[in-house]
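To start, the structure itself, in structure tokens.
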Amino acid sequence: MENQQDKGFFGQPKGLSTLFFTEMWERFSYYGMRALLLYYMYDAVSNGGLGLPRTTALAIMSIYGSLVFMSSIVGGWISDRLLGAKRTVFFGGVFIMFGHIVLATPFGVGALFISMALIIMGTALLKPNVSGMVGHLYSKTDLRRDAGFSIFYMGVNLGALLAPLIVGTLGQEYNYHLGFSLAAFGMFFGLLQYIIQGRKTLDGVGTKAPNPLTPEERKGFIRNFVLAIVVIIAIFGGAQLTGHLSIDFFVNSISVLGIVLPVFYFVKMLTSKDVSAEEKPRVLAYIPLFLAAIIFWSLQEQGSSILALFASERTQSTLFGVTIQASWFQSLNPIFIFVLTPVFVTLWTKLGQKQPSTVVKFALGLLFAGLSYLLLMLPGLLYGTAGKVSPMWLVGSFFIIVIAELCLSPVGLSVTTKLAPRAFESQTIAIWFLADASSQAINAQIARFYTPATESAYFGIIGVVAIVGGILLFTIKEPIKKLMGSIH
């Protein structure tokens, strides 16, 4: 725990600056790579791309995102039970850096999958544990804690904002591999300052695993780990032998996993002996919120797949006389989060006790998310899908979905923490991440329905699903409140 006298970084502990920049560079490398990846996958080989079919490229984007969120659960566990946060974050950064280096090599689809595996493992180790370390900088009573997290999230958004503009421009104007190598450099800088600055500023933070495995548990862990590897080899080996192993097979397997995992978690929570009689209704109250989160993240996460395709294929490349790269649209989300967060903070503070309940905030989130898609339904209906439309359609859509995100996302994790049973306390973040993982597992399946011919129908149907979800959630808010019991 840091002492309250340390005010070296905007009145916050100096360790915050180390973690701020580590996470900023990590997000810079991740979002820089994501801003280019879709275009790299489906662009013709003659242009330096991989020449994959579009639907496959869209599905891989979603599966990639889904696996990053699923594996974060494992990363949290490794830091908690095996290595401690400090070492886990370091190894994560190393994996991520090598992942980007592999992607910068011209070895085609093989390099893509090796890079994905490295970045998924690395992000799993780094992402959940960096934010955990931020918490360790403050004592439980330190009033600077919330402000510290707000500053930290500014770092996340700063990385996400700059990356598409810098990495995206290099990759799209010059060469994809140049863009990916810049992402690798970003992570390298992050690691460098994590090691050098962290020696002083993070002394004693997250050095030990808080809840190490007992020798018995270690045996069980090794057994389960070997079992998991055997099952994976059996599934993919079997597919290889029967001639079914393909990118589609891989995508479908992960999609199934993305839907089975949450079901498994909820069944486990509702049937566990460790969950008390008063906790079970809370789990039931959480289910509709969890489903709402899946719908919301499904729309939000298509920003880097379907909307990225729309940016490239259907959007004019000039705005007010300035040439814009398709990858730049990926910066809109963090820009609007920067602009709108203070507005929402002020709004909720002003409303105080009168502010909408969590359930209503979730319903509003779905409503706005749906509207952002209904907006994108219009260009196709008004002008057909043959030509290109003004970039302002996408700008408007991103703006509306950020309003949705600020209604739902900040309260999502806190309501998860409040409603999760005590026995599952350490896994609450995992459960919240699973909503995003499931949404992208579903996106991998629905992306194939997006074609120029179905464009307006695609946006229209998904928009309506979200709005109907929002209305349904609003109508059942009283029963949900009853189930929540004493929790507001």
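A few comments on the model shown:
- Subset tally (residues that are open to solvent by less than 20 Å² (accessible area, probe 1.4 Å) and among the hydroxyl-bearing types (Ser, Thr, Tyr)) for the range 362-401: 3
- A search for C-beta distances below 7 Å between a residue of the range 149-170 that is closer than 11 Å to Leu332 by Cα and any residue that is open to solvent by 50 Å² or more (accessible area, probe 1.4 Å), counting only pairs 6+ apart in sequence or on different chains, returns Asn157/Phe338; Ala160/Tyr31; Leu161/Ile335; Pro164/Tyr31; Pro164/Trp328; Leu165/Trp328.
- Failed criterion for Leu50 (all others in (1) in a helix (DSSP H, G or I); (2) open to solvent by 10 Å² or more (accessible area, probe 1.4 Å); (3) farther than 17 Å from Leu182 by Cα hold): (1)
- Hits in the range 241-274 - residues which are farther than 19 Å from Phe69 by Cα and surrounded by 13 or more Cβ atoms within 10 Å (Cβ to Cβ): Leu245, Ile247, Asp248, Phe249, Lys268, Met269, Leu270, Ser272
- Selected residue (only one of Ala35, Ala85 is of a type in the set (Gly, Ala, Ser), in contact (Cβ under 8 Å) with a residue 24 or more places away in the chain and within 25 Å of Phe310 (Cα to Cα)): Ala35
- Criterion applied to Ala117, Ala147, Ala111, Ala124 was being modelled with pLDDT under 80 and not basic (Lys, Arg), and the one residue passing it is Ala147.
- Inter-residue pairs, beta-carbon under 8 Å, first within 16 Å of Ala292 (Cβ to Cβ) and in the range 434-450, second open to solvent by 50 Å² or more (accessible area, probe 1.4 Å), 6+ apart: Ser438/Ile259; Ile442/Ile259
- Filter result (closer than 28 Å to Leu483 by Cα and without any contact (Cβ under 8 Å) to a residue 24 or more places away in the chain) within the range 348-381: Trp348, Thr349, Leu351, Gly352, Gln353, Lys354, Gln355, Pro356
- Criterion violated by Phe98 - all others in (1) more than 20 Å from the chain's Cα centre (by Cα); (2) closer than 25 Å to Ile442 by Cα; (3) modelled with pLDDT of 90 or more satisfied: (2)
- Hey, Leu143 without any contact (Cβ under 8 Å) to a residue 24 or more places away in the chain and hydrophobic (A, V, I, L, M, F, W, C) or not: yes
- Scan of the range 283-306 for residues that are open to solvent by 10 Å² or more (accessible area, probe 1.4 Å) and closer than 16 Å to Met41 by Cα, ordered by number: Ser304
- Every test in (1) assigned to a loop (DSSP other than H, G, I, E, B); (2) closer than 30 Å to Lys481 by Cα is passed by His244 save one, and that test is (2).
- Pairs meeting the criteria (first residue in the range 318-341 and in a strand (DSSP E or B), second residue open to solvent by 20 Å² or more (accessible area, probe 1.4 Å) and not charged (D, E, K, R), beta carbons under 9 Å, at least 6 apart or on different chains) are Thr318/Ile324; Leu319/Ser390; Leu319/Met392; Leu319/Val395; Thr323/Ser317.
- Apart from one condition, Leu103 fits all of (1) open to solvent by 30 Å² or more (accessible area, probe 1.4 Å); (2) more than 14 Å from Phe28 (Cβ to Cβ); the exception is (1).
- The range 182-221, residues that are of a type in the set (Gly, Ala, Ser) and either part of a helix (DSSP H, G or I) or under 15 Å from Phe20 (Cα atoms) (or both): Ala183, Ala184, Gly186, Gly190, Gly198, Gly220
- Considering Leu165, Leu182, the condition of being under 21 Å from Gln325 (Cα atoms) and open to solvent by 60 Å² or more (accessible area, probe 1.4 Å) is satisfied by Leu165 alone.
- Residues located in the range 342-387, provided they are in a helix (DSSP H, G or I) and among the β-branched types (Val, Ile, Thr): Val343, Val345, Thr346, Thr349, Thr358, Val359, Val360
- Among residues of the range 407-438 being over 17 Å from Met70 (Cβ atoms) and β-branched (Val, Ile, Thr), the one that is surrounded by the most Cβ atoms within 10 Å (Cβ to Cβ) is Val415.
- Test for Leu82: is it surrounded by 20 or more Cβ atoms within 10 Å (Cβ to Cβ) and part of a helix (DSSP H, G or I): no
- Those residues of the range 428-463 which are polar (S, T, N, Q) and within 13 Å of Ser305 (Cβ to Cβ), in sequence order: Ser439, Gln440, Asn443, Gln445
- Subset of the range 460-488 [open to solvent by 50 Å² or more (accessible area, probe 1.4 Å) and assigned to a loop (DSSP other than H, G, I, E, B)]: Ile476, Ser486, His488
- All positions within the range 225-255 that are at pLDDT 85 or above, farther than 26 Å from Asn443 by Cα and under 27 Å from the mean Cα position of the chain (by Cα): Ile229
- Residue among Ala444, Ala457, Ala404 that alone is surrounded by fewer than 19 Cβ atoms within 10 Å (Cβ to Cβ) and among the small types (Gly, Ala, Ser): Ala457
The values are calculated or read from the model by the stated rules, or taken from the named source; none is laboratory data. Not measured: the values here are computed from a predicted model. As a convention, Cβ positions derive from the backbone with ideal geometry for all residues, glycine included, and neighbour counts pool all protein chains shown. In case anyone asks, the SASA skips ligands and DNA or RNA and just uses the protein heavy atoms, side chains included. Shrake-Rupley method; radii C 1.70, N 1.55, O 1.52, S 1.80 Å.
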